[in-house]
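Before any comments, here is the structure.
Readers should treat all values here as calculations from the given coordinates under stated rules, not as data from a laboratory. Here the structure is a predicted model, which is why all the values come from computation and not from measurement. In this analysis, Cβ positions are derived from the backbone assuming ideal geometry, glycine residues included, and neighbour counts consider all displayed protein chains.
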Amino acid sequence: MGRYVIRRLLQMIPVFVGSTFLIFVMVYALGDPVAALFGERAPDPATAAQIRRDLYLDHPLWQQYTHYMAQIFQGNFGTAFTGQPVLELMGSAWPLTIRLTIVAIIVEAVIGVILGIITGLRRGRSVDTGVLVLTLIVVSIPTFVSGYVLQFLFGVKWGVVNPSVSPAASFDELALPGVVLALVSLAYVTRLTRTSIAENTRADYVRTAVAKGLPRRRVILRHLLRNSLIPVVTFIGTDIGALMGGAIVTERIFNIHGVGYQLYQGILRQNSPTVVGFVTILVIVFLVANLLVDLLYAVLDPRIRYA
Amino acid sequence: MDTLLDVRDLHVEFRTRDGVAKAVNGVNYSVNAGETLAVLGESGSGKSVTAQAIMGILDSPPGHITRGRIFFQGADVLSLHREARRVLRGARMAMIFQDALSALNPVLSVGDQLGEMFVVHRGLSRRDARARAVELMDRVRIPAARQRVGDYPHQFSGGMRQRIMIAMAMALEPDLIIADEPTTALDVTVQAQVMELLAELQREMRMGLILITHDLGVVADVADKIAVMYAGRIVETAPVHQIYQRPAHPYTKGLLDSIPRLDQKGQELYAIKGLPPSLLRIPPGCPFHPRCPMAQEVCRTDEPPLYEVGPKRGSACHFWKETLGG
Ligand SMILES: Nc1ncnc2c1ncn2[C@@H]1O[C@H](COP(=O)(O)OP(=O)(O)O)[C@@H](O)[C@H]1O
Ligand code: SF4
Ligand SMILES: [Mg+2]
């Protein structure tokens, strides 16, 4: 197991370098970061040259990249367009996004699995068909539509929640944004659980469990569910990174100054240190989440052995 | 002797998209305490479905019991309430499945799966249940039981896994065990050992045993009586030795002739020609008539009842006398 983890960590390096370099290239292809820094005003040529030197912009791209990465690993993420260090932005943005993601994960896992169990056990009945149609609708509506609609309904029309999240962004304020962020994944989790349950209800070991005289609850929770949740857990794990990246839309709708919001601002103002910095951390989150999922897989399914 | 199990006129059908498959069509058999009944027949003849109906583990839907009764220790189990039925399962009647690898839960340790019997039916603590699981594993002669109790099914060999299945069925010393082709999935060398273990435990605990198999070779040593099934019906039933010496049904004769015998080495094996009928369209008259070497006109139109052909012997053939004689 230990050797497997080390090997996986080593394998992450090229993936990390490849993906961050790609982002680096794309961001720098966006335009002249120095010009962007000055906005409407024309920069003083001497100052511009100074900044260019500081940012390594007078070097070839790969050297810029290595310089940038070296800076990052020393904890220096550069400065944002506001003049604030990017690290400071991260300090305020990440906790918000992490909290939002936690709410979304809980929503998609709990509701998705429960709906999946119910529909999986009652295949072909009206509950099943109803939920199935609902998931289809949810999947086909883009987040920015469902987000604005729910915000309008709950926040404006019925006034049950605040339409805009306060800077403190407590967990109960994040409930509605969390649901919006989770919605599409929730539909997937429901369907995945349903399929998995439906497949496993016919499994021999479930019949054995019934033949042992176990109560129905125990057959379902201990025998059927344990096996059926393996693919679901895998999906939810890999979804962590996707949710954080996807929060860009949700955060804008509810005015949450999280990672998505900062990324959006960074792109809008062509501020490369912000964009590359945040994306680099996102890449790391992605990679680590995937590794954790693989390790969790081995815990859930003893037939999987990593060496 | 006490009648432990009495199956009377059992009918089971599966209502599927392709139509109604009549899997069991009027099965009658009984098992006494301590007795072994071997149920024989080609695959698809309804042996497992009958067993599932007895255990109450039929896939339903699509499976439905449409007629008949099942008495277990005098009680009509089909009329029992669901919970009363559940309490019987595992504790008073238990089942051993063919393929232990798929029949055991892949993600739970064998200790958990064995111990669960005591936790659920006897209210033991997890700790005590685990101790009992080790005892059971010892009892079915799994080496190093204490060390292996936390292992998972895939970590055992096929023979050892089937021993665990047997241990699980025997855990609460039930009165009836149904073993559904317990050795079919095993290597030939291991088959005899597992069969021996099963027979030994059955003798010790004086359990009734229904041994489902399509291998006549296995039966001779362990069974007291035999029921031969064809297209969901019992076509012949007899004490074990009589059937080997003088079968009273052409189908049984065909099965017996298919056993490879040492003294006939080199000779071509007689196998029954043709295939079992589709359960969606069972032929009228005697269901065996399209494949029967002795079939006459009457076989195409009249279904033979189970004729009494001797003490404790029955044959569902119009020409049982001729069959016995030839
Ligand atoms: N779950 C099921 N769904 C539909 N049909 C079934 C099911 N189980 C059994 N059957 C039908 O019952 C027939 C008899 O099956 P079975 O009792 O398993 O035969 P065997 O004698 O080999 O044990 C099968 O050929 C099939 O047509
Ligand atoms: S009744 Fe006729 S067809 Fe059926 S087994 Fe006897 S001889 Fe053969
Ligand atoms: Mg079978």
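Round to the nearest 10 and give me the degree value, 0 to 90, for the angle of helix A:126-140's Cα axis relative to the longest principal axis of chain A. For helix A:126-140, the angle is close to 10 degrees.
Count charges around residue B:321 for me, please; just the other residues with Cβ under 13 Å from its Cβ, Lys/Arg as +1, Asp/Glu as -1.
After counting each charged neighbour, the total is 0.
Working note: Cα atoms of segment A:81-135, range along each principal axis, descending, whole Å: 59, 17, 8. Here's the picture: a label point sits 7 Å out from the Cα of residue B:146 along the beta-carbon direction, and within segment B:97-134 the residues with their amide nitrogen under 12 Å of it are B:134. Applying 1/(1 + (r/R0)^6) with R0 = 30 Å to the Cβ-Cβ distance of residue A:102 and residue A:199 gives a FRET efficiency near 0.50. Compactness of the protein assembly as shown, taken as the C-alpha radius of gyration over 2.2 N^0.38 Å, stands at 1.35. Legend: distances between Cα atoms for A:212/B:47; B:47/B:273; B:225/B:253; pairs beyond 18 Å are A:212/B:47; B:47/B:273. Between residue A:22 and residue A:295, residue separation times 0.36 nm minus the direct Cα-Cα distance comes to 95.5 nm.
If R0 equals 56 Å, the separation of the Cβ atoms of residue A:172 and residue A:73 corresponds to a calculated FRET efficiency of about 0.90. Against the main long axis of the alpha-carbon atoms of chain A, helix A:272-300 sits at an angle near 20°. Label separation (residue A:9 vs residue B:308): 8.2 nm, computed from points 7 Å beyond Cα along the C-beta direction. Specify the angular offset, from 0 to 90 degrees and rounded to the nearest 10, of the alpha carbon long axis of helix B:110-122 from the longest principal axis of the alpha carbons in chain B. With both axes taken from Cα atoms, the answer is about 90 degrees. GNM remark for chain B: springs join alpha carbons under 10 Å apart, and the peak mean-square fluctuation among B:176, B:108, B:58 falls on B:108.
Remark: C-alpha extents of chain B on the principal axes read 67, 50, 43 Å, sorted largest to smallest. For the pair residue B:43 and residue B:69, label points projected 7 Å from Cα toward Cβ lie 3.6 nm apart. Hey, in the GNM for chain A with a 10 angstrom Cα cutoff, which one of A:163, A:177, A:215 fluctuates hardest? Among A:163, A:177, A:215, the largest mean-square fluctuation in the Gaussian network model of chain A belongs to A:215. With R₀ set to 22 Å, the beta-carbon distance separating residue A:114 from residue A:1 gives a calculated FRET efficiency near 0.10. Derived from the Cα gyration tensor, the three semi-axes of the equivalent ellipsoid of segment B:1-68 are 24, 12, 10 Å, largest first.
Excluding the site residues themselves, the longest part of chain B lacking any trypsin sites (Lys or Arg not before Pro) in a DSSP loop with at most 16 other Cβ atoms within 10 Å is B:18-140. Note on residue B:281 and residue B:221: the extension gain reaches 18.0 nm, defined as 0.36 nm multiplied by sequence separation minus the Cα-Cα distance.
Averaging 1/r over every pair of different alpha carbons in segment B:87-141 and inverting the result gives a Kirkwood radius of 12.0 Å. Can you give the Rg/Rh ratio of segment A:86-305, where Rg is from the C-alpha atoms and Rh is the Kirkwood radius? Across segment A:86-305, the Cα-based Rg/Rh ratio is 1.04. In this label model, residue A:267 and residue A:133 are separated by 3.6 nm, measuring between points 7 Å along each Cα→Cβ vector.
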